[in-house]
Every structure is written in C-alpha cells, then in structure tokens.
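Coordinate-derived values only; no laboratory data. All values derive from a computational prediction rather than experimental measurement. FYI the Cβ positions are ideal-geometry reconstructions off the backbone, even for glycines, and counts take in every protein chain you see.
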C-alpha cells in the first residue's frame, strides 16, 4: 500500500504509466478528475480550477489569493482520496501538493520533444509546428506556475524520488521499474505514516476552510495538526483581536476530526 | 548481460551502489582501474593523469589537445572493459564517454546536501556541518564546470540519463533493486548486434588514440 505521484510534461505518457501502475498494484488512479471534486467544493466550474492550476497567479491584487484557494481545494480533494492509503495520481503538481507527506513515491517522466510532438500529432491530428508550439507553451506555463506558487524549478531532479527517461524505457518497462521501487519498504504505508496522512488531511481541510472564509482568507496563517490538535500560527491584525481569534477558532474546530485548536498568532498593529 | 554507468556527485553513495549492483548481478565494478589503464596507455603516471583528467582548466582554460588525448585514453580504456561483457562503471563521465553505444543504462544518483555533508563528517569528524556543506558545494561547482568545459553539457540535465534516483528516500539497497529491474529490460541486453557495435567502438577508440599519440 502506498501513494505514487507521476509528474510529466504534456504528452509524456504519464496517464498511461499511471494506469499501468494502478492495474499492477491494484491502486485507484486519479488524474484531472480530482479537479471536479475541488470545483464542487468551491462551487465553480472544473475548468476554472484547471486554469488556476496552470496559469501563473501574478503577484498583485486578488489573483494570488484565488490561486491559493484553488490549490488548497485541489490538495484537500486529493488528500481525501489518499486517505485510503493507496493511490496513483497523475494530475497536476502531485509531487508538490503532497510534498510534506513521507512515504510518497514522486516520479517524474521525461520524454524527448520529438516523442511528445508525435504523440500530439497522432492524438489531435496537429501538424508538427503547431504541436511543438503547443508543447512549448504548456511546458512554459507549468514551469512558471511551479515557480510562482512553490518557488521551485520543476525540472530540478531533487524534487522527485526518481526520474525516468522515456527515450530509454517503453511505458510498460517504466511501469516495471516504478513498480519495483514502489514495492520497497521506504514507500510502504506504515501505521505511523497513516497517522501523519490523517493529520495532513485535517491540515488541508483547515487550510481550505480558512481560505474560504471572507474574514480569514487574507490573513497569512499556517496550520499544523498532530493527533487531531490544530495549531494555527501566522500574523493577524491587532484590531478586533478578540473577534478575529474567535472566528479562526470557530472555523478550525468546525472541521470534522479536529479535537481542539491552539492559536499561536502574532498580533500586528497595522498603524503602530 | 549489460553495461551500467553511474554518475553522481561526490559522497552521494555511488561506490556503495556500484558494489551492491556488482554483487547482485555478478558484474565487475570499476572506476580507478579504467583511469589506471588509461594512464599507462599514454605513458603518464596515474597522479599526473588524474590531475589532467579530473581537474577543471583554469578560468580562461579550454579543452587543450593534451586534455583531449587524456579523455580519449579513458574512453578507450572503458571501451576495452565493455568488450569483456557486463560492467558497472562508477567513475567520471561514463554516460558521456559511452554515449555513442546502444544499450548502456545511464544512471544518475542524487542525494540531499545534508546527507552528503553527514557522510563527509563521518569520515572527517573535525569538520562542522557548515564546512562540510561548503566543501561539497565547492566540489559540485567545480565538477559542473568540468563537465561544461569537457563536454559542453550541464551535469544536472535530466535528459543525459535514463534513470535518476534520489537517495533522500531510497536506500542503497532499494536503488540497487530498482536498477536491477531497469537493467533487466530487453533494450539493455548485450545482443550480438550490440556486442558487434561495442567491438567496433573500441577499435575506433584505439585507432583515434594511436593517431593522437603519434601527434
């Protein structure tokens, strides 16, 4: 039992690999359909969530906040599926969304540009130049998104546990190799990891709930959960301190599974 | 039957992985042996040879003819090892030196800086964490520049390798098991055609080296 994320450039065979792994390991496979769950939670079209997971969020105005909200919703939806303990996810940003979790096997697939162009030409009947331009555009947008949201370079090997080059492996060979890695004890869902996973699930739900609430969404808050006890840190305005604190506590304890909340906030005076 | 090259930063567990693969697959594991034979082939002491082959030219240095000869000598020596059959090579630049050969499994091993610093401090307890990390960063930068000068490539370019494994999560034993699964795939087997290409490649390397030696 374990969790595998497959990250790849567009048309790099990620979905096929994920399906092969799912079949061989008997794990459910999840991809862009997790966006539907997130969209249902936010009450917006799935397409909007998809766009927010790929477009650069920008630095000013409400755009970064909306991206944060959408990312939190996708992560909460993904972790809800992962709670069962076994999953192959080939959707957007999987390795990064779950990077706090131990025992997740983060795989990156790379493939030569020609291979990806051919795949796109075959599936969409595009000419070579259009297919190449499309791939470059999507790659650039995704790299920009990862840089903006996580401050990381998505081609950095250190973000992954293994990187496979499809110039050298067919999908079924890559599937064999990842299967072997996933069967190793490092990636087993142990009882300790299951507990961390359940706490992480609660953390994600709390984070989403705080971002959904108009009274708390603009605050710079961070939540950790251990054994169902939530600790909220971050900055909050001194003005109306009692009401803000009460609202945060209400939201956090309102999440099913949270036993209690501890606020360790830094109260800032906006006009000292 | 296969050939595996392992590229890694210093103190990233490359030797341990090569030893594990060697004992699991029954392949010889070589690194220094290749350099030793290459030094002999050009009549240089191993120390001088290593100095020329492994150190990066100065700031304004470039790939001189002497350095080219040394690279060719290492390539020839490694090609000779390949003609003997199965091999795990964990010395410098295996993936570049054998890039013309089909069927070679090119592995890159990476490990977090803290893990590598700990390995260094274990062998040199007088070093602090900061000193160990600074030393490793220095070596990495030097190595990256060496690869750039020698081969015009970025050492971190994922496209140069077939499989990259991160020791942050994999133990050496697990990396070894995963690579064993990778190398068992049909395209990494030394078929008669691949063997013929290896012999042709070794002969070509020998010819080029003897032309180079004649000057």
Point to revise | Rounded Å value of the spacing that divides the Cα centres of the range B:164-215 and the range A:3-20 | key: 27 Å
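Hey, what number do you get for chain A at 222 nm if only DSSP H runs of n ≥ 4 count, each worth -39500 (n - 2.57), divided across all residues, to the nearest 500?
Numbers: 10 runs with 134 residues, N = 272.
The helix contribution divided over chain A gives -15500 deg cm²/dmol.
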Study note, to complete from the structure: Comparing A:67, A:231, A:180 in a Gaussian network model of chain A (Cα, 10 Å), the one with the largest mean-square fluctuation is A:180
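Evaluate the range B:6-87: find the radius of gyration of its Cα atoms, find its Kirkwood radius, and give the ratio Rg to Rh.
Numbers: Rg = 14.3 Å, Rh = 14.1 Å.
Reported Rg/Rh, Kirkwood definition of Rh: 1.02.
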Check your understanding: Ranking A:145, A:267, B:81 by Cβ neighbours within 10 Å, fewest first, what do you get?
Key -> A:267, B:81, A:145
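As a footprinting exposure proxy, order A:218, B:156 by other Cβ within 10 Å, with the fewest listed first.
A:218, B:156
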**Study point:** Gaussian network model of chain A, springs between alpha carbon atoms under 10 Å - residue of A:53, A:189, A:121 with greatest fluctuation
**Key:** A:121
**Study point:** Whole-number percent relative contact order across chain B, with pairs defined as alpha carbons under 8 Å at least 6 apart
**Key:** 35 percent
Practice item. Quote to one decimal, in nm, the extra length available between residue A:147 and residue A:198 on full extension: 0.36 nm per residue of separation minus the C-alpha distance between them. Key: 15.5 nm
Review point. Shape of the range B:3-209 from its Cα gyration tensor (a ≥ b ≥ c, root eigenvalues): rounded if a/c is under 1.5, otherwise prolate when a/b > b/c, or oblate?
Key: oblate
Revision key, fill the gap. Taking R0 as 35 Å and r as the Cβ-Cβ distance between residue B:142 and residue B:200, the FRET efficiency 1/(1 + (r/R0)^6), rounded to the nearest 0.05, comes to 0.50
Point to revise | q = 0.11, 0.15 Å⁻¹: log10 I(q)/I(0) that the Debye formula gives for chain A, counting C-alpha atoms only | key: -0.67, -1.15
Exercise for review: Please tell me the relative contact order of chain A in percent, rounded to the nearest whole number, where contacts are Cα pairs under 8 Å and at least six residues apart.
Suggested key: 22 percent
Check your understanding: Where does helix A:191-212 land angle-wise versus the long Cα axis of chain A, in degrees 0 to 90, nearest 10?
Key -> 70 degrees
Point to revise | Antiparallel content of DSSP bridges confined to the range A:192-268, in %, to 5 | key: 45 percent
Check your understanding: In what order do A:187, A:169, B:199 fall by count of nearby beta-carbon atoms within 10 Å, going from fewest to most?
Key -> B:199, A:187, A:169
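If I take R0 = 30 Å and measure r between the Cβ atoms of residue A:136 and residue A:259 in this structure, what FRET efficiency does the formula 1/(1 + (r/R0)^6) give, to the nearest 0.05? Each step should come with its number before you reach the end.
On the way: r = 50 Å, r/R0 = 1.65.
Here the calculated transfer efficiency is 0.05.
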Check your understanding: In nm, to one decimal, how far is the modelled label at residue B:149 from the one at residue A:229, with both set 7 Å along Cα→Cβ?
Key -> 5.8 nm
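Compute the Cα gyration tensor for the protein assembly as shown, then decide on rounded, prolate or oblate, letting a ≥ b ≥ c be the square roots of its eigenvalues: rounded whenever a/c is under 1.5, prolate when a/b is larger than b/c in the other cases, and oblate in all that remain.
Since a/c reaches 1.5 and a/b is larger than b/c, the shape of the protein assembly as shown is classed as prolate.
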Practice item. Restricting to the protein assembly as shown, compute how many DSSP beta bridges are antiparallel as a %, nearest 5. Key: 20 percent
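Give me the extension gain from residue B:180 to residue B:36: residue separation times 0.36 nm, minus the current Cα-Cα distance, reported in nm with one decimal.
On the way: separation 144, 0.36 × 144 = 51.84 nm, distance 2.80 nm.
Gain on extension, residue B:180 to residue B:36, equals 49.0 nm.
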Practice item. Before anything else, pin down the relative contact order of the range B:1-113: Cα pairs under 8 Å, at least 6 apart, normalised by residue count, whole percent. Key: 54 percent
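Based on DSSP H runs of at least 4 residues, each adding -39500 (n - 2.57), what is the mean residue ellipticity at 222 nm of chain B after dividing by all its residues, to the nearest 500 deg cm²/dmol? Spell out each step's value before the answer.
Numbers: 9 runs with 123 residues, N = 215.
-18500 deg cm²/dmol, from helical runs alone.
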Review point. Modelled label-to-label distance, residue A:220 and residue A:100, 7 Å Cα→beta-carbon offset: nm?
Key: 1.7 nm
Practice item. For the range A:192-268, state what percent of all Cα-Cα pairs lands in each successive 5 Å bin, counting from 0 Å until the bin that includes the largest distance. Key: 3, 17, 30, 25, 14, 6, 3, 1, 0
Point to revise | Linear extension gain, residue A:238 paired with residue A:127, 0.36 nm per residue minus alpha-carbon span | key: 34.0 nm
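Apply the a/c threshold of 1.5 to the C-alpha gyration tensor of the range B:149-202 and tell me whether it is rounded, prolate or oblate.
Working: a/c = 3.11, a/b = 1.23, b/c = 2.54.
Oblate.
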Exercise for review: Quickly work out the residue B:192-to-residue B:68 label distance, labels modelled 7 Å from Cα along the C-beta direction, and quote it in nm with one decimal.
Suggested key: 3.8 nm
